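Worksheet: the structure to be examined is printed underneath.
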Ligand code: GUN
């Protein structure tokens with residue numbers, strides 16, 4: 001059994017980007033600048049955005065955090081988005097999700113300039129991705145593909161079962177895994193909360209990508225021997241005995257499922273760090289496109 005070490009691979013990717021940024025600096029070029037918009041004080045979002053900004057500093061990117069109050073109106077947020085679209089200093093930016101209930105998420109994502117949409121959430125980028133055209137690929141699915149590629153996991157002709165149909169993970173990863181090209185060419189089944197007899201489907205999977213957000217959902221009796229497990233679930237479970245008052249766990253019952261798996265991502269330290277690395281990669285790509 002091999003652990004797919006997202007922490008290690010994400011550090012490799014960040015090191016590679018650091019080298020490129022150092023060269024940019026040497027040549028007196030502008031370095032990539034990533035901005036993040038955070039509305040409200042959701043604990044997990046604060047952690048993710050903080051981590052993204054810290055990673056930028058570490059690899060030599062410029063970064064800007066725009067932290068708006070929970071009471072920010074949709075109009076105010078759209079104004080902020082417009083300002084980022086027209087600011088030539090910003091190469092790419094993200095609007096951290098989820099947004100407060102009173103803001104129409106779709107409307108905000110539609111307002112992001114597709115050329116700065118390093119999250120790959122704008123319909124233009126999503127459509128281009130689905131049509132095999134050059135685009136920004138959402139960071140989590142991009143990270144999963146990169147992890148599979150760097151560990152040489154065979155995907156060609158394999159049956160990949162995706163659990164979850166979210167716009168951020170399930171839907172895009174189902175598209176990427178079925179596409180032509182390296183680390184793809186797989187046969188994909190996408191499953192969700194209305195799927196009947198899910199276990200009969202997951203038992204037939206060569207690769208399982210679980211993006212459900214239910215701790216310990218995937219049990220050993222739901223998978224076959226030699227399965228490749230990609231656990232995208234990140235759930236905070238309250239636990240007063242821990243310093244932070246919670247611990248992080250995935251969708252997969254790691255202890256038992258890892259006994260049957262050929263490859264498995266841990267949580268934490270699997271897909272999570274890859275997401276940040278690929279967001280940085282997308283920002284580097286955005287910078288290069290703006291220079292070209
Ligand atoms: N919320 C959870 N994952 C993500 C992500 O990848 N990007 C943004 N913007 N928000 C998220």
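The values are calculated or read from the model by the stated rules, or taken from the named source; none is laboratory data. Please read all numbers here as calculations on a predicted model, not as lab measurements. Virtual Cβ from ideal backbone geometry, glycine too; neighbours counted across all protein chains shown.
Odds and ends about this structure:
- Wholly within segment 89-199, strands (runs of 3 or more DSSP E) carrying at least 3 residues that are more than 15 Å from the ligand (Cβ to nearest atom) and at pLDDT 95 or above: 159-163, 187-191
- The residues of segment 33-81 that are surrounded by fewer than 16 Cβ atoms within 10 Å (Cβ to Cβ), in contact (Cβ under 8 Å) with a residue 40 or more places away in the chain and within 13 Å of the ligand (Cβ to nearest atom), listed by number, are 43, 44, 51.
- Members of segment 82-109 that are more than 30 Å from residue 22 (Cα to Cα) and surrounded by 15 or more Cβ atoms within 10 Å (Cβ to Cβ): 97, 99, 100, 103, 105, 108, 109
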